[in-house]
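Asks: Take a look at the following structure, please.
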Amino acid sequence: MNRKKPFFMTMLATIMLVGLIAGCGSNSNNGGNKPASGNATNEPKTENAATEAPPAADKKLVVGFAQIGAESGWRDAETDSVKATFGEDPGFELKFSDAQQKQENQIKAIRTFIAQKVDAIGLAPVVESGWETVLKEAKDANIPVFLLDRGITKGNEDLYVSFIGSDFILEGQNAAKWMIEEFGTGAQVNIVQLEGTVGASAANDRKKGFEDAIAGEAGYKIVYSQTGEFTRAKGKEVMEAYLKKDKNIQVVYAHNDDMALGAIQAIEEAGLKPGTDIKIIGVDGIKAAFEAIAEGKMNVTVECNPLLGPQLKQAILDYKAGKTLEKWIKSDEDVYFGQKAIDALPNRKY
Ligand code: AHR
């Protein structure tokens with residue numbers, strides 16, 4: 001009797017083990033997604049199939065983002081927004097490329113994303129023109145492209161799904177509006193315009209919006225207009241050079257806050273008071289501009305929202321869900337000056 005007990009125990013353990021393996025097997029056939037009870041309810045096959053997650057549902061959406069570079073505080077905020085949005089979502093994988101201000105690098109990055117068969121491409125085009133060939137390649141590969149922040153030459157709307165970003169013409173108009181309200185119609189105002197990257201939609205449109213808005217004001221003269229490449233260093237350099245020739249300026253209109261901040265340094269070094277002797281207008285709404293307004297060195301910043309990661313993600317999800325997207329998903333923005341800027345400073349996100 002005593003000798004039979006171990007044999008009986010071994011048989012019992014074997015039966016239990018086989019049962020356990022069989023149970024595991026049936027669950028893994030469901031992709032391991034369903035509760036163990038899923039197969040024990042004798043559901044009809046069709047319903048079973050319908051409740052089973054299709055293999056693609058578990059697949060991460062791979063997004064390639066061709067960024068311009070890191071020329072400004074605004075650009076850094078946009079990069080952070082995209083990286084945080086996709087990095088924090090386990091349903092996505094982000095492939096990020098920094099083109100260091102070169103269109104050829106952005107084109108290379110897009111071709112790499114196409115070769116990697118990504119699910120979607122985000123592109124912040126450094127300049128407006130020259131995208132037709134590579135975007136056609138993405139289209140032929142059935143990869144949807146989303147333009148982020150800057151646009152491309154008109155007439156190429158079939159090459160991308162949506163443009164997500166600001167109305168740069170309106171930003172230029174709002175800058176001019178503040179200035180005309182400040183000085184009044186009929187005033188004599190000499191303006192230095194610090195332009196953004198040559199060929200960029202943000203530079204072209206901010207220039208157009210501003211110049212159109214002052215066209216009817218004979219006393220408002222742009223005495224000098226030069227690119228400062230959207231950087232603080234170049235904004236300072238251009239302003240320094242101009243102040244050596246002529247100090248009879250009432251306004252600096254900079255296409256972004258970084259160039260405005262560079263110009264402020266140059267004006268101070270030239271012995272003038274920025275914000276008072278020369279009024280300073282910037283675009284972007286970065287925190288440093290709000291601080292300069294609070295210190296009285298800058299007068300106004302026209303907001304341009306860089307926190308576009310969540311909108312890009314939503315647009316990709318909507319597209320994948322078969323929804324029809326707007327061609328231009330516009331950002332909602334404001335203009336900050338005086339007390340309004342000081343009050344908003346503690347809550348600035350970028
Ligand atoms: O395209 C948006 C512009 O690019 C921002 O105004 C500027 O700061 C950036 O570099």
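Read-outs throughout are calculated quantities, based only on the coordinates presented, and are distinct from any laboratory measurement. This is a predicted model, so every value here is computed, not measured. A quick note on method: Cβ atoms are made from the backbone with ideal geometry, for glycine too, and the neighbour counts reach across all protein chains shown.
Asks: Of the listed peptides 317-324, 146-153, what is their order by residue-averaged count of other C-beta atoms within 10 Å, with the highest listed first?
Replies: Result, highest mean first: 146-153, 317-324.
Asks: May I ask for the percentage of alpha-carbon pairs in the stretch 234-282 that lie more than 18 Å from each other?
Replies: Everything past 18 Å amounts to 11 percent.
Asks: What order, most packed first, do the peptides 301-311, 267-277 have when packing is the mean number of other Cβ atoms within 10 Å of each residue?
Replies: The most tightly packed comes first, giving 301-311, 267-277.
Asks: Ranked highest first by the average count of other Cβ atoms within 10 Å around their residues, in what order do 330-343, 94-107 fall?
Replies: 94-107, 330-343
Asks: Please work out the C-alpha center-to-center distance from the stretch 132-194 to the stretch 226-304 and express it in whole Å.
Replies: Cα centroid of the stretch 132-194 versus Cα centroid of the stretch 226-304: 22 Å apart.
Asks: Pick out, from MET239, LEU159, SER225, the residue whose Cα sits farthest towards the positive end of the charge dipole of the stretch 148-267, with +1 on the Cβ of Lys and Arg and -1 on the Cβ of Asp and Glu.
Replies: Sorting the options by dipole projection puts first MET239.
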